[in-house]
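Before any comments, here is the structure.
Any read-out appearing in this document is the output of simple, stated calculations on the displayed coordinates, not a laboratory observation. For clarity, every value in this text was computed on a predicted model and none was experimentally measured. With ideal geometry, Cβ positions are generated from the backbone for all residues, glycine too; neighbour counts draw on all protein chains shown.
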Amino acid sequence: MKPTIPGEVEEKSNQIEAIIDRVKIGDKQAYEMIIHQFERQMYTYCYYILKNHEETEDAVQEIFIRAYENLHRYSRQATFSAWLYKMAYHHMMNIKKRQGRWFELIHQFKEQHPKIEITPTPQESVIEELLTYLTPEERHILLLKAVEQYSFDEIGDIMGIKPATIRKKYERLRRKLLDYKRNKGGIVHGTFAKSN
């Protein structure tokens, strides 16, 4: 993550707010600038949850459509980025619920039919391995804190959970990942961001 210059974040936030005001008064073309500004972040966030490029592309498109349709509900109490992540979080949770029902049907089918063993390839990345060890909620917290560097207050707003609860869950998931890595016999390279 590149360091920020003092005032740069506030200036960028003011630019985003000005674009949002233009969209709210009917300048539909201005929304393209919003998409351009946040598309990569949304894609990364969604991909680490869904782990599928096509599903991720669909999810990102749906998030931006919903954001556009609900832009009249956005108020400056939170940053636009946090508001957009909140929308993405809820959309990802809905997708995971639908997938859960689908996986339940697949599980029932597998119980009734012979099993085919699929072994993971050695090229699987450590990050993907660790993320699969986490629950969807833990993945959201980790990505918002460690990757997007949101504060616990902002993550609490996004997920609709008290910041103190987010902090505790973050500490638990850090310990969980460190314990998992140690128990697997590997050496933990680097450290997870400490809560502050």
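Starting from 0.36 nm per residue, how many nanometres of slack lie between residue 147 and residue 41 once their C-alpha separation is accounted for?
37.2 nm
Under the 0.36 nm per residue contour assumption, what length would be gained going from the current alpha-carbon distance of residue 137 and residue 27 to full extension?
Separation in residues times 0.36 nm, less the Cα-Cα distance, equals 36.0 nm.
Could you tell me the calculated FRET efficiency between residue 11 and residue 176, based on Cβ-Cβ distance and R0 = 30 angstrom, to the nearest 0.05?
0.20
Of the listed peptides 142-153, 82-93, what is their order by residue-averaged count of other C-beta atoms within 10 Å, with the highest listed first?
Peptide ranking by packing, descending: 82-93, 142-153.
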